[in-house]
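Quick notes on the structure that follows.
The values are calculated or read from the model by the stated rules, or taken from the named source; none is laboratory data. What you see is a predicted model, and the numbers here were worked out from it, not measured in a lab. Positions of Cβ are backbone-derived with ideal geometry, glycine not excepted, and every protein chain shown enters the neighbour counts.
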Amino acid sequence: MDSILVRGNGALNGVIPIAGAKNACLTLMPATLLTEEPLTLTNAPRLSDIATMTQLLRSLGAEVAALQDGQVLALSSHKITNHTADYDIVRKMRASILVLGPMLARDGHAVVSLPGGCAIGARPVDLHLKALEAMGADLDLRDGYVHARAPGGRLKGAVVDFPIVSVGATENALLAATLAKGTTEIRNAAREPEIVDLAQCLRRMGAQIEGEGTSTITIQGVDRLNGATHRVVADRIELGTYMLAPAICGGEVECLGGRLDLVGAFAERLDAAGVSVTETPTGLKVARRNGRISAVNVTTEPFPGFPTDLQAQMMALLCTASGVSVLEEKIFENRFMHAPELARMGARIDVHGGTATVTGVETLRGARVMATDLRASVSLILAGLAAEGETVVSRVYHLDRGYEKVEEKLRACGAQIERIKG
Ligand code: EPZ
């Protein structure tokens, strides 16, 4: 298993290009199952999760070609030849559940392995299943798989009222509703930019959708969809992660392709902590306003609130702030596994349930630490960039799921960072 070696090396200055969004691409790719015609995705990120989704779609009979060094994905599902999403692929990546809605909508039947939990929580899929049942699907859970069937071969429009906001369940319902007979209204829908991106792509394919980005999305089902070409929206989580690099180290970095509307609540917390975020014609420029970072409180919420996927990275910044910060994790039940690793670097963090209290220290000290999940891994790298001495982050396969070329992007701004083949 590879590791990443980071040496604290002072301020970072330069430009970091932001890639296409992993979590948009993972819901856009299954849209190929909704049509016989070709779907082309540009600005696709080069990540192991994308490779996993490619493997899954190919196992169902889709053709997926990665062109231009993987930045363009050419997908086509002339015919779904296998309607079973196998456990061995699904267990590697929870987003695999997003093939359920499209297969059911296209052919009226599907068998998808339950994804199982992951490090940050149980991650049930009950809301995905409730949505599809509301649309008429008969679901039978047995031997770890969901066996789904639409009576008469076609889902029907329905009111889908989510008790809590779920990004994935909203995406599954949206994908399925495009071909259902009649009108679907999704209430308490997720409002994330990735949902808006999916709706815009589906509309380009001929879907009739209104309200994406609000809590109520209305879809008028159609009989078939066309192919389309769609550019994947910029990755707001990668963006927020790299905005934190100059915040934690000092210096000034421009994140190319970054948009303030993608990171509003996060940028507001950075501003409160003493970090200036300026829109430029090509992205977002970030620098500390003066001296030390100030402690701030953070509560994670569904978009447009502070994203849970930036909580670990923000904690790394607040470990070196002056004062005491309180971070509340309201989305997942176990998303503070980076805290004990940061403590090995001298951070002072008390975790009680979903609340972490961080008492800032002047400097962190390099140490050997272990990545436990995707966003925790990059939080440890950020801490290592600011720490005195050397930090070695192990199990960086987590990192490769969501960040392309992280060493190159940071080295280009003066970071001392390298990968140790393991
Ligand atoms: C998506 O996961 C993202 N993944 C996650 O990013 C992100 O953290 C999460 O949304 C929240 O923003 C992808 O888009 C591939 P949810 P998802 O359904 O859809 C509970 C990363 O680092 N829930 O919005 O799985 C769930 O347990 C990943 O890129 C149910 O109870 O998240 C959680 O507590 C990590 N039943 C809450 O809802 C369900 O059927 C929000 O989960 C579904 C979810």
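Go through the range 219-320 and tell me which strands (runs of 3 or more DSSP E), entirely inside it, have 2 or more residues that are over 30 Å from P38 (Cβ atoms) and polar (S, T, N, Q).
On the way: elements: 228-231, 251-256, 275-280, 283-288.
Result: 275-280.
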TODO: Inspect the range 30-40 for any residue being under 18 Å from the mean Cα position of the chain (by Cα) and surrounded by fewer than 24 Cβ atoms within 10 Å (Cβ to Cβ) and give the result as yes or no.
DONE: no
TODO: Output yes when any residue across the range 306-318 is closer than 30 Å to C25 by Cα, away from the ligand (no atom under 16 Å from the Cβ), assigned by TED's automatic domain parsing to the domain that holds G251 and surrounded by 24 or more Cβ atoms within 10 Å (Cβ to Cβ), and no when none is.
DONE: yes
Open item on the list: Within the range 51-61, does at least one residue satisfy the condition of being touching a strand residue (DSSP E or B) at 6+ places or on another chain (Cβ under 7 Å), under 15 Å from G402 (Cβ atoms) and within 16 Å of the ligand (Cβ to nearest atom)?
Closed with: no
- [ ] State the number of residues belonging to the range 280-296 that are over 16 Å from M243 (Cβ atoms) and either surrounded by 19 or more Cβ atoms within 10 Å (Cβ to Cβ) or modelled with pLDDT of 95 or more (or both).
- [x] 3
Task: Residues of the range 81-93 satisfying the condition of being under 21 Å from the mean Cα position of the chain (by Cα) and part of a loop (DSSP other than H, G, I, E, B) - done: R91, K92, M93
- [ ] Please state which of the following conditions E171 fails to meet, knowing it meets all the rest: (1) closer than 23 Å to K330 by Cβ; (2) without any contact (Cβ under 8 Å) to a residue 60 or more places away in the chain.
- [x] (2)
Task: Test for S96: is it in contact with a helix residue (DSSP H, G or I) (Cβ under 8 Å, 6 or more places away or on another chain), in contact (Cβ under 8 Å) with a residue 12 or more places away in the chain, under 20 Å from E37 (Cβ atoms) and not aliphatic (A, V, I, L, M) - done: no
Open item on the list: Quick check on the range 141-176: of everything there that is at pLDDT 95 or above and acidic (D, E), which residue is nearest to T84 (Cα to Cα)?
Closed with: E171
